[in-house]
Amino acid sequence: MALLIRGGTVVTAETTVRADVLCDGDKIIAVGPDLEAPAGADIIDAGGQYVMPGGIDPHTHMELPFMGTVASEDFYTGTAAGAAGGTTMIIDFVIPSPQQSLMEAYKTWRGWAEKAATDYSFHVAVTWWDDSVARDMGTLVQDHGVNSFKHFMAYKNAIMCEDEVLVNSFTRAWELGALCTVHAENGELVYHLQKKLIAQGITGPEGHPLSRPPEVEGEAANRAIRIAQVLGVPLYIVHVSCKEALEAISRARAEGQRVYGEVLAGHLVVDESVYRSTDFEFAAAHVMSPPFRSKEHQSALWRGLQSGNLQTTATDHCCFCAPQKAAGRNDFTKIPNGTGGVEDRMMVLWDQGVNTGRLTPNEFVKVTSANTAQIFNLYPRKGTVAVGADADIVVWDPKGTKTISAKTHHQNVDFNIFEGMTVTGIPSHTIAAGKLVYAKGELRTVRGAGRYVNRPAFPSYFEALKLVKDINTPKPVTRAAAAE
Ligand code: URP
Ligand code: ZN
Ligand code: ZN
Ligand code: ZN
């Protein structure tokens with residue numbers, strides 16, 4: 001069935017042009033002025049609106065088993081909520097427990113994700129090390145379209161990686177042409193500070209940011225970057241929340257290292273004062289790691305996005321409802337870590353990014369889809385509006401407004417960290433794989449319509465890094481044989 005998006009302005013990372021967009025099946029088959037509608041085609045009037053690639057959220061945790069509970073949002077509700085906000089693809093995380101086989105965990109997550117409404121892919125976490133992990137990494141890359149591995153430098157006594165695991169895994173991933181990513185927080189320091197704070201009688205959510213200060217993140221970010229530098233491998237740092245981590249990334253990039261940084265919509269607009277609320281439920285609902293920071297860090301993160309030192313935006317969508325958060329009523333270290341936003345990210349970024357002049361619409365496309373597609377080797381199948389690309393499209397009404405609220409959002413969680421924020425610039429229609437899945441407030445997603453997306457190994461920057469490595473490979477000094 002064909003679908004014609006008529007009369008809009010097509011915005012990609014590079015260009016802004018008045019054009020119609022014709023989709024057939026799951027692909028875009030024409031982009032240009034005054035396209036003819038095939039007989040029986042559905043027509044969307046995009047007059048006065050932007051037509052952009054659907055958002056890609058590279059960091060979500062649907063139905064994640066974590067900290068003694070399971071995230072409330074599943075792959076169907078989560079991807080449907082994403083569609084309501086203009087996001088048409090997520091990259092979620094397979095997180096094996098220590099000693100669990102990576103392949104076994106991967107198969108479990110694939111099963112859970114079959115209900116997804118829009119396309120999805122997986123990063124796989126390396127939480128421990130032995131030869132079987134190295135083998136499974138190979139199988140995942142070569143046979144299952146995984147091209148990124150995640151490492152948690154925090155969550156001691158659970159999924160935390162020591163440096164030894166980072167070195168082994170980074171080395172193996174390089175051989176396979178896969179990108180390593182890290183959650184950068186020094187887990188040993190977090191553990192130490194948590195125990196100290198509890199002993200001091202600080203048991204409420206205000207202890208959460210105190211146990212994870214920016215220095216803890218800066219140290220880990222810098223350590224991961226230096227390890228990657230010595231090994232000569234690319235690195236992607238998830239949820240950069242503070243100046244210290246951003247400075248480490250910016251310095252490394254200025255020195256020619258291939259380091260990428262992701263920022264969450266929440267870290268750009270929510271500040272640390274939330275943790276000092278006298279309402280436990282409100283404060284606990286904001287507990288996520290790294291924590292929300294001061295305005296000074298927020299400004300730095302915006303500048304990071306503007307300067308290109310941070311390339312992608314995500315949500316770390318990982319939802320827990322009040323009864324789940326209540327597990328930590330008397331001990332903040334037991335509050336399940338995570339907040340939502342997969343539905344809100346694009347609107348928050350447009351409202352606070354484009355409407356303030358920090359980002360152009362083209363830059364908005366870069367940081368909400370195109371850069372992610374390039375870094376994770378999905379481009380130009382995803383991340384652009386062009387002939388041959390997947391028909392994952394958002395029709396964006398720059399004048400439309402709405403007030404974000406847990407009462408009206410589609411996310412399966414009882415709280416919204418952007419509650420009460422009135423945004424201007426909202427999706428009017430979302431098209432996923434050529435199907436209209438959201439139209440003017442009405443969700444039309446189909447359970448199970450999403451597809452697993454294979455991501456090929458060896459994105460182009462591997463080739464570049466290989467050249468750098470070859471040029472810099474040390475050579476032995478040739479000396480004349482010693483006289484007998
Ligand atoms: O608090 C968070 N971010 N929860 C999800 C797991 C992670 O660290 O990404
Ligand atoms: Zn057709
Ligand atoms: Zn994390
Ligand atoms: Zn996460």
Condition check for ALA125: more than 16 Å from ligand 4 (Cβ to nearest atom) and under 20 Å from the mean Cα position of the chain (by Cα):
no
Please find, within segment 1-15, the residue that is farthest from ligand 4 (Cβ to nearest atom) out of those that are farther than 13 Å from ALA46 by Cβ and within 25 Å of the chain's Cα centre (by Cα).
THR15
Filter segment 385-429 down to the residues that are of a type in the set (S, T, N, Q) and within 17 Å of ALA265 (Cα to Cα) and list them by number.
THR403, SER405, GLN411, ASN416, THR422, THR424
Does ILE227 satisfy being of a type in the set (A, V, I, L, M, F, W, C), more than 27 Å from ASP344 (Cβ to Cβ), away from ligand 2 (no atom under 16 Å from the Cβ) and in contact with a Leu (Cβ under 8 Å, 6 or more places away or on another chain)?
yes
Pairs where the first residue, in segment 151-169, is touching a residue at least 24 places away in the same chain (Cβ under 8 Å) and the second is of a type in the set (S, T, N, Q), C-beta under 6 Å, 6+ apart
ILE159/THR127
Answer yes if at least one residue in segment 238-258 is within 16 Å of ligand 4 (Cβ to nearest atom) and in contact with a Leu (Cβ under 7 Å, 6 or more places away or on another chain), and no otherwise.
yes
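Take residues that are within 30 Å of LEU443 (Cα to Cα) and tell me which of the helices (runs of 4 or more DSSP H) falling wholly in segment 73-181 contain 1 or more.
Result: 75-84, 102-113.
Let's see how each residue does on (1) of a type in the set (A, V, I, L, M, F, W, C); (2) within 15 Å of ligand 3 (Cβ to nearest atom); (3) on the phi > 0 side of the Ramachandran plot:
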residue	(1), (2), (3)
ALA199	yes, no, no
ARG212	no, yes, no
VAL216	yes, yes, no
ALA224	yes, yes, no
For ALA373, which of the numbered conditions (1) farther than 25 Å from THR403 by Cα; (2) within 16 Å of ligand 1 (Cβ to nearest atom) fails to hold?
(2)
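Being closer than 23 Å to ALA457 by Cα and buried (at least 23 other Cβ atoms within 10 Å of the Cβ) narrows it down to one residue among THR118, THR79, THR108, THR87; which is it?
Criteria check complete, one pass: THR118.
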Might you let me know whether segment 242-262 holds any residue that is crowded, with 23+ Cβ neighbours inside 10 Å, closer than 15 Å to ALA154 by Cα, touching a residue at least 40 places away in the same chain (Cβ under 8 Å) and within 15 Å of ligand 3 (Cβ to nearest atom)?
yes
Is there any pair with a first residue in segment 171-193 that is at positive phi and a second that is away from ligand 1 (no atom under 11 Å from the Cβ) whose Cβ atoms are under 8 Å apart and which are 6 or more apart or on different chains, and what are they?
GLY177/VAL141; GLY177/ASN147; GLY177/ALA457; GLY177/PHE458; GLY177/PRO459; GLY177/PHE462
Residues (away from ligand 3 (no atom under 16 Å from the Cβ), touching a residue at least 24 places away in the same chain (Cβ under 8 Å), surrounded by fewer than 24 Cβ atoms within 10 Å (Cβ to Cβ) and part of a loop (DSSP other than H, G, I, E, B)) located in segment 334-365
ASN355, ARG358, LEU359
Determine the pairs where a residue that is within 13 Å of LEU231 (Cα to Cα), located within segment 467-479, has a partner that is of a type in the set (A, V, I, L, M) with Cβ atoms under 7 Å apart, the partner being 6 or more residues away or on another chain.
none
Cβ pairs under 7 Å, 6+ apart or interchain, first in segment 1-12 and in a strand (DSSP E or B) and away from ligand 3 (no atom under 16 Å from the Cβ), second among the acidic types (Asp, Glu) and modelled with pLDDT of 95 or more, ordered by first then second residue, are ALA2/ASP24; LEU3/ASP42; LEU4/ASP20; ILE5/ASP20; ARG6/ASP20; ARG6/ASP45
Inspect all residues belonging to segment 378-387 and state whether any of them is in contact with a helix residue (DSSP H, G or I) (Cβ under 6 Å, 6 or more places away or on another chain), more than 29 Å from PRO323 (Cβ to Cβ) and free of Cβ contacts under 8 Å to residues at least 24 places away in the same chain.
yes
Elements of type helices (runs of 4 or more DSSP H) contained in segment 184-288, each with 2 or more residues being within 23 Å of ASP414 (Cβ to Cβ):
207-211, 265-269, 280-285
Hey, can you tell me all the residues within segment 215-224 that are surrounded by fewer than 24 Cβ atoms within 10 Å (Cβ to Cβ) and either closer than 22 Å to THR312 by Cα or free of Cβ contacts under 8 Å to residues at least 12 places away in the same chain (or both)?
GLY218, GLU219, ASN222, ARG223
All but one of (1) in contact with a Gly (Cβ under 9 Å, 6 or more places away or on another chain); (2) more than 22 Å from VAL423 (Cα to Cα) hold for ALA322; which doesn't?
(1)
Could you run through segment 327-339 and say how many residues are touching an Asp or Glu at 6+ places or on another chain (Cβ under 8 Å) and more than 12 Å from ligand 4 (Cβ to nearest atom)?
1
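The values are calculated or read from the model by the stated rules, or taken from the named source; none is laboratory data. None of the values given here were measured: they were computed from a predicted structure. Every residue, glycine as well, gets a Cβ built from its backbone with ideal geometry; the counts of neighbours run over all protein chains shown.
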